[in-house]
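Below is one structure, written out as structure tokens; the observations come after it.
The values are calculated or read from the model by the stated rules, or taken from the named source; none is laboratory data. These figures come from a predicted structure and were not determined experimentally. Using ideal geometry, Cβ is built from the backbone for each residue, glycine included, and neighbour counts are taken over all protein chains shown.
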Amino acid sequence: MFTSIVSVKLKIVVFVLIVALFINWLLPHFLVMGQKITHKVFQQVMGFILKQQTKTYETLYSNNFILKYTQEDQDLAPLILQLAEDYLFRIEKILGIKQQKRPIPLVLYSDEEALNKSFGWSGDKSTVGVYWAGTIRLLSPRAWSENTATLGETFEREGPLAHELTHLFIDEATKGNYPRWLTEGVAQYVEAEITGFTLSEPLEESKVNLYPFSRLDNNFDQQPDQILAYWQSLQAVRNLLEKYGKESLLVLLRELRQGESFPKAFVHSYGFTFPEFEQEFKESGLK
Ligand SMILES: [Zn+2]
């Protein structure tokens, strides 16, 4: 009798242990799956909302994009689609990543109010382009360029398309699992390669007081010196690419896509910790 109670108890303990081990092994897979599903559902919901918001807009298709625009911009629309196709090809080459999302939704808003309204912003934020949940929203150069005779050229030279399209690449490559400074750094790096455009540099005295990268992850937009936040992100990505090559960045993106946390993905890709990189970057990366 005693032996049989012990044996039943032992069986229960073994069973509970096996279930615990199984859950322990399964849980990370469920979390990764959950994150990927959330990312996809979020994009689909936002895509549906955007479709409703722009149902009175004109539509033009190219191989990889669908562009929504208003009649005032009908002369610009073909050029923007042609640029988008060209940039897509060049970004794939620069980053070594094939973009799978098709068609990529682009919206060209005629004024800042219309662009802001599409997010529910109060209108005090000033921007010429936004990447948001799988969609690229652009402000027509008629709203931000004074030289109306060469709007197409101005958009090509100063427009945010290459930058925003790179954000889409990073979002898709990692299924939304990336720190904000990383995507801002890569987007500026690619933009500079394609159009030659870079933001102005911060003051020398600002450069000695860099933001901790942890602050540039979740609270990027809240940092008071935005020029420093963008510049620091670009320098970090440049530093990583120049010292350790594109291959390591691709490994990092792949690990993030698989749901790995950023600190672990970073160690696996570079062989040292992110705090070690941050320390070295602060000491020597900016010279
Ligand atoms: Zn950006």
Of the conditions (1) out of contact with any Lys or Arg (no Cβ under 8 Å at 6 or more places or on another chain); (2) in contact (Cβ under 8 Å) with a residue 60 or more places away in the chain; (3) more than 28 Å from Ala265 (Cα to Cα), Ala133 clears all except one; give me its number. (3)
Tyr189 - would you say it is touching a residue at least 12 places away in the same chain (Cβ under 8 Å) and within 13 Å of the ligand (Cβ to nearest atom)? yes
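Residue-by-condition table, conditions (1) under 19 Å from the mean Cα position of the chain (by Cα); (2) within 20 Å of Lys264 (Cβ to Cβ); (3) crowded, with 21+ Cβ neighbours inside 10 Å:
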{"position": "Ala143", "(1), (2), (3)": "no, no, no"}
{"position": "Gly152", "(1), (2), (3)": "no, no, no"}
{"position": "Pro160", "(1), (2), (3)": "yes, no, yes"}
{"position": "Gly176", "(1), (2), (3)": "yes, yes, no"}
{"position": "Phe197", "(1), (2), (3)": "yes, no, no"}
{"position": "Ser233", "(1), (2), (3)": "yes, no, yes"}
Among (1) closer than 26 Å to Ala77 by Cα; (2) among the aliphatic types (A, V, I, L, M); (3) in the same structural domain as Phe274 (by TED's automatic domain parsing), the one test that Leu151 misses: (3)
Would you check which residues across the range 257-287 are in a helix (DSSP H, G or I) and either small (Gly, Ala, Ser) or not assigned by TED's automatic domain parsing to the domain that holds Glu247 (or both) and list them? Ala265, Ser269, Ser284, Gly285
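Say whether the condition of being part of a helix (DSSP H, G or I) and within 11 Å of the ligand (Cβ to nearest atom) is met by at least one residue in the range 141-163. Full working, then the answer.
Step one: of the range 141-163, the residues part of a helix (DSSP H, G or I) are 141-144, 148-158, 161-163.
Now narrow it down to the ones that are within 11 Å of the ligand (Cβ to nearest atom): 162-163.
Checked against the condition, which is being part of a helix (DSSP H, G or I) and within 11 Å of the ligand (Cβ to nearest atom), the range 141-163 yields at least one hit.
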Please determine whether any residue of the range 168-175 is more than 30 Å from Lys98 (Cβ to Cβ) and part of a helix (DSSP H, G or I). no
Which one is farthest from Pro160 (Cα to Cα) among residues in the range 193-238 that are without any contact (Cβ under 8 Å) to a residue 24 or more places away in the chain, in a helix (DSSP H, G or I) and not charged (D, E, K, R)? Ser206
